[in-house]
Structure formats: structure tokens, C-alpha cells
Amino acid sequence: MLQSIFLLSDSGAVMLEKQLTGHRIDRSICAWFWDQIVSQGDSYKQQPVIASPTHYLFQIVREGITFLACTQVEMPPLMGIEFLCRVADVLSDYLEGLNEDVIKDNFVIVYELLDEMIDNGFPLTTEPNILREMIAPPNIVSKMLSVVTGNSSNVSDTLPGATASCVPWRTTDIKYANNEVYVDLVEEMDAIINRDGVLVKCEVYGEVQVNSHITGVPDLTLSFTNPSIMDDVRFHPCVRFRPWESHHILSFVPPDGLFKLMSYRVKKLKSTPIYVKPQITSDDGTCRVNVMVGIRNDPGKMIDSITVQFQLPSCVLSADLTANHGAVTIFSNKMCTWSIDRIPKDRAPALSGTLMLEAGLKRLNVFPTFQVGFRIQGVAPLWPAIR
């Protein structure tokens, strides 16, 4: 059972406070929490569950805003974290963005949403479709009417029909002239390669995003060509678990509009689409840098938005780096960014140059870590089929 929720700015100031039960939690817990962040650094922000001397704290950070929930009783930690994620997603959807100014301009909407989303410390209504029927999203007309009439409430007088349905994420009176459903697979690859070019770790985090515009209450089935490679799957509440457990098929009644159907991981991949070969030699206070980028395994689609970033060591006084393709930028914090975009067919992109070390240092003892980003559209290890 959650007892209070606080929204903190990036400076630690309390922007919003919501007490969820009869037991009030003082704001001093926020001061203790922020003191810990200041003293222990950003690593403290990465801890989703924190035990203070008097409370259990749950936190997530979105767009510089810290969502902090407090309780003095034991409860499932994932429930608190998931609820905070739902609150952040709903606010971002309602307010079309999430920052300090937007929160301050829409205090009434935020409080009304929290009133409906949690009851006496327990999550209640978290589906965006139902919340939109209960609380009208803010717009210019509603703000003008609230100024003229003095009524700032956006809560509907009637209860949405879906609240009593077995599929509360969808209403029954949806009608479209054209029935359409779109499925997108969005995947991010995370790989680590050592100095010798050996792949240490490679995995993919993926999401199945669905945009549904179908009349009535449809029952859809989605299957994959190779579902056995999927690990750590997470589903939207609309997914029936038994068909997936027995046949690896997704059976669901979709919410209306855009939503995330599931997320997954693909682990232990054997290779990456592109390679990066850095060579750094140093002698007599000067370093020679050569970096080459090329295609390792052609995915059959265009690889674009290729960027290479690396942090120059603090002992480097100056750098003179050029590339035969793309643009090289060295920022004041010694972060070097090489924007390649697409690899040309006639030559492999290469970056070269020299680094001048500080006086008294003949060799570079700290080697930079290269971070590579790229994008491939239309390629995924899982090809879905929907019926």
C-alpha cells in the first residue's frame, strides 16, 4: 500500500505532493532522499527501491522529473515501481510531454488523474482509454471555460461503461469507417566488443507496438516466425497468457489507438551488423589515432544514422582529428562525435589524427571507450503475422 507520492524537480524541489491514505508522510523524507543523491551521486538515482530509516521509497526518473512514492508498510516492490511508470506514461500522454513547466500549468489535471488512478494506496484505474473518458485532456477551450465559469474540474459526471467490462481497456461503442491495425517492432541492440575485436556481449531489447483502429470489440491473434529466441517477455494486460504459454501465440483484445503490446529480449547474439576498428599508438607525448568503420554482416537494408562517440582522456591537451567521410566535432568537455550517417560503397569511413598529451607524459595510459550508434529500418529477427 502506497501512502504518498511526490514529484521532484531536477533541483530536488517538491513540485507536487499527493497523500494517498489517512496517514500523512512529511516532506522531510524528500529532503533526506535528495541529500542522499547529492552525497552519493547519480548512481543513487538508479536504485528503484530505497530503504530509509523510517520509510520504503520507490523512484523513477522521467525527463528530469523524479517520481517518488513512500510507504511505511511492506508491499511488493514491483507494484510500486510499475504504478509510478504508469503515472509517468499517463501524464506524458495527457499533457503531450513531461517537464516542470507542464506539470505546474496542469496541477488540477494531475491531481484529478491521481485521484482516479489510486484509491487508498492501491492502484485502481490505470488504463489511458478509461481515464480519457473520465477526465477530459486539457485544451485551450477547457482552460477558457474554467476561467469564465470558475469550474476547473475536468471530471465527467458519468462513469465509463468499460469500468464494468471484462476488458476495461476498451469501450464497446468504437466505430471506424476503415478497420486498420498496424504492428511495429522497435528493437535496440546493446553490444560490448573488446580491444581485440571479440564480441563480449550482444543482446537486443525489443517492443511490439500496435496501433489499432477497429470497430467493436475485435479478438486478434499475432504469431512470430521464431518466438523461441525471445526472453524476459512482458505483456500488456490485454494479452491472454495461456495461448502464449502453450503455443507462443499472442491472443488479445486490443485497446483503441497506440499501445505497447509486449516487450522482450533476444540474448547471446553472435555478431553485429557493423564493426569498428580503433588503433591508438603513442610515443614522445603524441598519440596517433586511426578508427575504421565498416559493414560486418549485410542485413539487406540500408544502415544509416551511424555515429561514433568517444571521450578524450583528461591528459589530452589538444586534438587534431579528420575523417574521409562524415563530420568530426570535438566539444569543450573533450567529447568527440563522428557523424557518418551512411557508409559509402566506394570506401570505408576512416578517422585519423593526432592527440597532444600534457607535459611530462610520453604515453597514453587510459584508452577511450568507443560508443557506436546506428539504425536499420525493416529488419528484425521476428516477423509477426496478425489475424
Starting from segment 52-74, keep only residues that are in contact (Cβ under 8 Å) with a residue 40 or more places away in the chain, then list their pairs with residues that are of a type in the set (D, E, K, R) and open to solvent by 10 Å² or more (accessible area, probe 1.4 Å) whose Cβ atoms are within a distance under 6 Å, requiring at least 6 positions of separation or different chains.
G64/D10
Those residues of segment 68-93 that are open to solvent by 10 Å² or more (accessible area, probe 1.4 Å) and not polar (S, T, N, Q) come to a total of 13
Residue in segment 167-183 that is nearest to the chain's Cα centre (by Cα), counting only those that are surrounded by 11 or more Cβ atoms within 10 Å (Cβ to Cβ), at pLDDT below 90 and of a type outside the set (A, V, I, L, M):
W169
Within segment 118-155, track down each residue that is more than 25 Å from the chain's Cα centre (by Cα), modelled with pLDDT under 80 and in a loop (DSSP other than H, G, I, E, B).
A136, N139, G150, N151, S152, S153, N154
Pick out the one residue from R195, R242, R265 that is open to solvent by 70 Å² or more (accessible area, probe 1.4 Å) and within 22 Å of the chain's Cα centre (by Cα).
R265
Contact list, first residue from segment 18-47 and closer than 23 Å to F122 by Cα, second anywhere and aliphatic (A, V, I, L, M) and in a loop (DSSP other than H, G, I, E, B), beta-carbon distance below 6 Å, six or more apart or interchain, is L20/L2
Kindly indicate whether any position in segment 275-287 is surrounded by 14 or more Cβ atoms within 10 Å (Cβ to Cβ) and closer than 30 Å to F224 by Cα.
yes
What pairs come up if the first residue lies in segment 299-326 and is open to solvent by 70 Å² or more (accessible area, probe 1.4 Å), the second is of a type in the set (S, T, Y), and their beta carbons are under 8 Å apart, counting only those six or more places apart or on different chains?
Q311/T369; D320/T354; T322/S352
Qualifying positions in segment 333-371 - part of a loop (DSSP other than H, G, I, E, B) and of a type in the set (A, V, I, L, M):
I343, A348, A359, L361, L364, V366
Unique match (being assigned to a helix (DSSP H, G or I), of a type in the set (S, T, N, Q) and open to solvent by 20 Å² or more (accessible area, probe 1.4 Å)) among S271, S223, S228:
S228
Residue satisfying condition, being in contact with a strand residue (DSSP E or B) (Cβ under 9 Å, 6 or more places away or on another chain), more than 13 Å from I5 (Cα to Cα) and of a type outside the set (S, T, Y), within set V87, V38, V49
V49
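The values are calculated or read from the model by the stated rules, or taken from the named source; none is laboratory data. Quick caveat, the model's predicted, so the values are computed rather than measured. Every residue, glycine among them, receives a Cβ derived from its backbone with ideal geometry; neighbour counts consider all protein chains shown. SASA here: full protein model, heavy atoms, side chains in, ligands and nucleic acids out. Shrake-Rupley method; radii C 1.70, N 1.55, O 1.52, S 1.80 Å.
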